[in-house]
1. Here is a list: B:ARG86, B:ARG61. Which entry is at positive phi and either modelled with pLDDT of 90 or more or not assigned by TED's automatic domain parsing to the domain that holds B:THR155 (or both)?
2. Only one of (1) among the hydrophobic types (A, V, I, L, M, F, W, C); (2) touching a Phe, Trp or Tyr at 6+ places or on another chain (Cβ under 6 Å); (3) surrounded by fewer than 19 Cβ atoms within 10 Å (Cβ to Cβ) fails for A:ILE290. Which number is that?
3. Taking helices (runs of 4 or more DSSP H) that fall entirely within region B:98-217, which contain at least 3 residues that are buried (at least 24 other Cβ atoms within 10 Å of the Cβ), among the β-branched types (Val, Ile, Thr) and not assigned by TED's automatic domain parsing to the domain that holds B:GLY338?
4. From the set of residues in region A:152-173 that are within 16 Å of the chain's Cα centre (by Cα) and assigned to a helix (DSSP H, G or I), which is surrounded by the fewest Cβ atoms within 10 Å (Cβ to Cβ)?
5. Can you tell which of A:ILE147, A:ILE122, A:ILE90, A:ILE162 is touching a strand residue (DSSP E or B) at 6+ places or on another chain (Cβ under 8 Å) and more than 24 Å from B:HIS276 (Cα to Cα)?
6. Is it the case that some residue within region A:167-179 is under 21 Å from A:ARG86 (Cα atoms), at the interface with chain B (Cβ under 9 Å from one of its Cβ atoms) and small (Gly, Ala, Ser)?
7. When you look at A:PRO143, is it closer than 25 Å to B:SER110 by Cα and in contact with a Phe, Trp or Tyr (Cβ under 7 Å, 6 or more places away or on another chain), yes or no?
Amino acid sequence: MSPHPAEPIVVTGIGVVTPIGIGKTAFWDSLVAGRSGIGPIRSFDSAQYDVHIGAEVTAFDPSHYLPADAARHLSRSSQLAVAAARLAMIDAGLPRATASDDQVLGVAMGTTMGEAQVLETIDEDVVSGGLTAVSADLVTRYPCHSIATHVATDVEATGPVIMLPTACAAGNYAIGYAFDALRRGRATVMLAGGADAFSRISVAGFARLSATAPEMCQPFDRGRKGMVVGEGAAVLVLEPLSRARARGAPVYVEVLGYGLGCDAFHMTGSHPEGLGTVTAMQNAFRQAGIGPDDVDYLSAHGTGTPTNDRIETVAIKQVFGERAYQVPVSSIKSMIGHAMGAASAIEAAVCALTVSHGVIPPTINYLEPDPECDLDYVPNTARDCRVNVALNNSSAFGGNNAVLLVGRV
Amino acid sequence: MAVISGFGVVSPIGLGRDEFWRGLKNGAAGLRPVSLFDTEGLPCHEACEISSFAPETLLGRKGLKYLDRSTQLASCATALAFEDARFTPAANGHGGVGLVLGTMFGSVESVSAFDRQILQEGPRSVNPMGFPRTVINSPAGHVAIRFGLTGLNTTISAGTVSSLQAIAYAADFIADGRADVLLAGGVEELSAMSYSGFCAARLLAGSDGNSLRCAAPLDVDRSGFSVGEGAVVFVMESPEHAARRGASVLAEISGFGTTFLAPSSGAGRQSAAAAHAMRAALAEASVDRASVGSICAGANGSRIGDDIEAQAIASAFGEAAATLPVHSIKSMVGETLGAAGAFQVAASLLTLRENVVPATVNFLEADPRWGLAGITRQATSTAAELAMVNSFGPDGINASLVLRRPAESSGESPRS
């Protein structure tokens, strides 16, 4: 394999599609204001379900962001992803289809459920008409890599294109993949992120696992009752620093490294000591060549379930030691719910924005401290704080954990 | 650099390395009537199904009923891989042995079953135990639990290129020194959903009423592909780690190239993008195209896809293309989608080890426009040290991998 240069890989563009804002500015303003995007489920009639709230991107009109044919033909996860990619390209000042001779543009995306809404339509067809009713078009669109290829087609990518369906840690996996592809010289620009559409499968499943909150998401609060199923997309533009400088692009942060680790314990339950999260944080620090003392902000996975938040706190303490009590930790899932495969990509965008704005978004709905969750969770109000290094935690079904480190350039 | 020191395979033509190779060498047919679901009303009724799959022989009965088909296939391939490589996972400096698994549809039957229960009996009726199986990384997560794989755990989806991407991903982690040992491969289950979709798209051999009802990859009269299923998992490690534990190295991963071109770009440009992936893999391996001894093609018998690949080979290999042995195993094992690249890598490293390029079963005559005279009609001997594996998806993702026979194994007598 070819050696790779040690040149910094930086983030030069951010595109987000979330329940509290589409585009980085609207999103960031909502985050700092502590606005919630959680409301009654609108995608389908929830009467028969045990949960009635969700974090849907209700303001999303595909025709505002996508070409007419794509807005019509793409399914929702791909629509969200393509919109985020376009916003990221604009933010990075990358004109579409630059196709300058030496530009190799690639795409790495993550997801949990892929095009779940497509499968739901196929299932409705099969229930009513049997296998002969299955649509060729829908089966072509269902496999999750179609999210990545739809983005790649839209931006006219020619480099590596890949989907990392590593559930709710997928965004960090995808950004890590992009980081590696750039370091290895397999691409000169990468779009990386995650996307998931709201789905009845997720709502029914999390409700049956008794993992959902009835009214609001309260990460790390003593009275937290669970997560809120959401949706969204985020895409970051990554490129080597020299290329960003050469074209005068804005630079948010450098990607310092990432780490992966697996609980190998239970499909849905966390390892009691947070083994996979600990491994992932340690691997990230090793690759970045820094340690816990360098971290100024930790974006928590913080789903709001009793177990996740407790175990994540244990894992942070194990890796950070006494330093854990000095690092602000917040969960934006209190505001945007759990966007599944998009979650850690959105949170990576938050980490980058935190460095550039010097403000840490709060954990809202925080009412009462939990003795088992005794870190500084930036309760309810955004905080001014110079952030040089931010750590982005993510965990997933399957025991998949991915941790991303970004830092000021 | 990373090496492969063993693998496990669960295929329509046999279980384990020896059976699989015997099948490939003898031109075994994996195509048989579908038994997993009712094909009544569909235009096709056959697939390369693993009809005698008995996971309990490798996994025991405990907990088996909670594992869906993809997970059982991947778990069996993993058990066989550890046995083949004479390796058992233990903690190492990176948090343990990891797993990188490619799949296209994942455990789609589990997802659909869960969803249809919501539709037919209501959302409050679904079994919460079924929900974790609806995520696409479920097979990899389950394999990690069963075998204690606490290192990185990554699922990759890139259509039919999934498992080739997975193998390259693992090779990169090892080359970077971020892992000593990783498992990598692919899994795909035969699913009613994908099968009926392919039928509806008239992509399967014979689905358009053509008399040729079996896949004939690269043949001028090909009429479509056969759907296959299975799993292949490799034990990959750094050369140093392999040497330290005295492992027998089967092949080295020498180079990888991957490109994309929007599928609406036209066959000519698609072909150029595929050729570019092959050139990139050769460049990364620092080898001349003339030293490649065989290509295990991604060709599966589809009219458009095979043509794009054949033209790409002709373009990437120039004069050498005329006589280069090119073969496809997909008339034997079927189009195994997310597992396809891993099946091809398994075939190619056996080619390097056994000095035989398998026949392309059902292939009779090439399209004369391609100028490829080396497409194998029967098993052909080779002494080359390099083999290429191609995976070019209809959705625009292309990948090529170059494998090299390890220097130290040249004097070793082949197994089986």
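1. Values: B:ARG61 fails: at positive phi.
That would be B:ARG86, the only listed residue that is at positive phi and either modelled with pLDDT of 90 or more or not assigned by TED's automatic domain parsing to the domain that holds B:THR155 (or both).
2. (2)
3. Values: elements: B:108-121, B:138-147, B:162-175, B:192-200.
Here the list is empty.
4. Only one residue fits best here, namely A:ALA167.
5. Details: A:ILE147 fails: more than 24 Å from B:HIS276 (Cα to Cα); A:ILE122 fails: touching a strand residue (DSSP E or B) at 6+ places or on another chain (Cβ under 8 Å); A:ILE162 fails: more than 24 Å from B:HIS276 (Cα to Cα).
Selected residue: A:ILE90, the only one of A:ILE147, A:ILE122, A:ILE90, A:ILE162 that is touching a strand residue (DSSP E or B) at 6+ places or on another chain (Cβ under 8 Å) and more than 24 Å from B:HIS276 (Cα to Cα).
6. Just the residues of region A:167-179 that are under 21 Å from A:ARG86 (Cα atoms), to begin with: A:170-179.
Now drop any that are not at the interface with chain B (Cβ under 9 Å from one of its Cβ atoms), which leaves A:170, A:173, A:177.
After this cut, where a residue has to be small (Gly, Ala, Ser) as well, the list is A:170.
Yes - at least one qualifying residue is present in region A:167-179.
7. Details: closer than 25 Å to B:SER110 by Cα: yes; in contact with a Phe, Trp or Tyr (Cβ under 7 Å, 6 or more places away or on another chain): yes.
Answer is yes for this residue.
Okay, residues lined up against (1) surrounded by fewer than 24 Cβ atoms within 10 Å (Cβ to Cβ); (2) within 11 Å of another protein chain (Cβ to nearest Cβ):
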| position | (1), (2) |
| --- | --- |
| A:HIS52 | yes, no |
| A:VAL107 | no, yes |
| A:THR112 | no, yes |
| A:ALA116 | no, yes |
| A:VAL126 | yes, yes |
| A:GLY130 | yes, yes |
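The values are calculated or read from the model by the stated rules, or taken from the named source; none is laboratory data. Just so you know, these numbers come straight off a predicted model, no measurement behind them. With ideal geometry, Cβ positions are generated from the backbone for all residues, glycine too; neighbour counts draw on all protein chains shown.
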